[in-house]
Amino acid sequence: GQNIDQPTEMTATEGAIVQINCTYQTSGFNGLFWYQQHAGEAPTFLSYNVLDGLEEKGRFSSFLSRSKGYSYLLLKELQMKDSASYLCAVIGYKLSFGAGTTVTVRA
Amino acid sequence: GAVVSQHPSWVICKSGTSVKIECRSLDFQATTMFWYRQFPKQSLMLMATSNEGSKATYEQGVEKDKFLINHASLTLSTLTVTSAHPEDSSFYICSARGLGGVYEQYFGPGTRLTVT
């Protein structure tokens, strides 16, 4: 089976940096995804990590350590539009999602 | 590219009736489509995986006779919720994976089902 844990909620100020951690235990591992989901909408793809290390894409970066079963999503220069739920998802034989972290950005 | 659409975007139906949700890949051929369900403030739960031209594979605990999935072509999959009950009210999301797309899935915009 797969167990994916991430914090429920985080709050940060506009312009700040927030790091969302994700730990996982899986019976198979073919990569880890981060998705952004606004309320009432489908998830949108942010990043995919399959090798250890940091992947940077604009204001968003994602890190993976396979030996530790750990990933984080780093959001820099936070904007109000970044207020959303961020889902960590691991693909083994299927794509399994964590419960999501609701990030609230305050002015 | 890689656009997935769903129809309808929301639907209200009476208890006991059936509802069909369509999922289409608009600009690519989807060899595999996935159906997820998401309850408020919860994560996406995979219901079933369908491959074009074959029977869907359902996850444990999902009733295949209640949630009928048809993947008749490389661009269309349908989910029919039969004899819907209020507890079936949820956000249903499909995703699609194309030829050569090993792991990446493209998500549709979701369908909000409310059963009264």
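The values are calculated or read from the model by the stated rules, or taken from the named source; none is laboratory data. Fair warning: this is a prediction, and the values are worked out from it, not measured in the lab. When we count neighbours, we look across all protein chains shown, and the Cβ atoms used for this are built from the backbone with ideal geometry, even at glycine. The area values use the complete protein model at the heavy-atom level, side chains included, leaving out ligands, DNA and RNA. Shrake-Rupley method; radii C 1.70, N 1.55, O 1.52, S 1.80 Å.
Please work out which residue is farthest from A:Ser83 (Cα to Cα), limiting yourself to the range A:26-40 and to residues that are at the interface with chain B (Cβ under 9 Å from one of its Cβ atoms) and open to solvent by less than 10 Å² (accessible area, probe 1.4 Å).
A:Gly31
For the list (1) part of a loop (DSSP other than H, G, I, E, B); (2) touching a Pro at 6+ places or on another chain (Cβ under 9 Å), I need the number of the one condition that B:Val62 fails.
Failing condition for B:Val62: (2).
Considering only the range A:56-107, how many residues are open to solvent by 50 Å² or more (accessible area, probe 1.4 Å), away from chain B (no Cβ under 14 Å) and not in a strand (DSSP E or B)?
11
If you go through the range B:21-44 one residue at a time, do you hit one that is within 14 Å of chain A (Cβ to nearest Cβ), without any contact (Cβ under 8 Å) to a residue 24 or more places away in the chain, open to solvent by less than 50 Å² (accessible area, probe 1.4 Å) and of a type outside the set (A, V, I, L, M, F, W, C)?
yes
Does the range A:44-70 hold any residues that are of a type in the set (A, V, I, L, M), at pLDDT 95 or above and within 14 Å of A:Ile20 (Cβ to Cβ), and which are they?
Scanning the range A:44-70 gives a single hit, A:Leu64.
Which members of the range A:41-51 meet the condition of being in a loop (DSSP other than H, G, I, E, B), of a type outside the set (Val, Ile, Thr), open to solvent by 30 Å² or more (accessible area, probe 1.4 Å) and within 11 Å of chain B (Cβ to nearest Cβ)?
Within the range A:41-51, just A:Glu41 meets the criteria.
Which of (1) open to solvent by less than 80 Å² (accessible area, probe 1.4 Å); (2) within 14 Å of another protein chain (Cβ to nearest Cβ); (3) at pLDDT below 95 does B:Gly53 not meet, given it meets every other one?
Just one mismatch for B:Gly53, condition (2).
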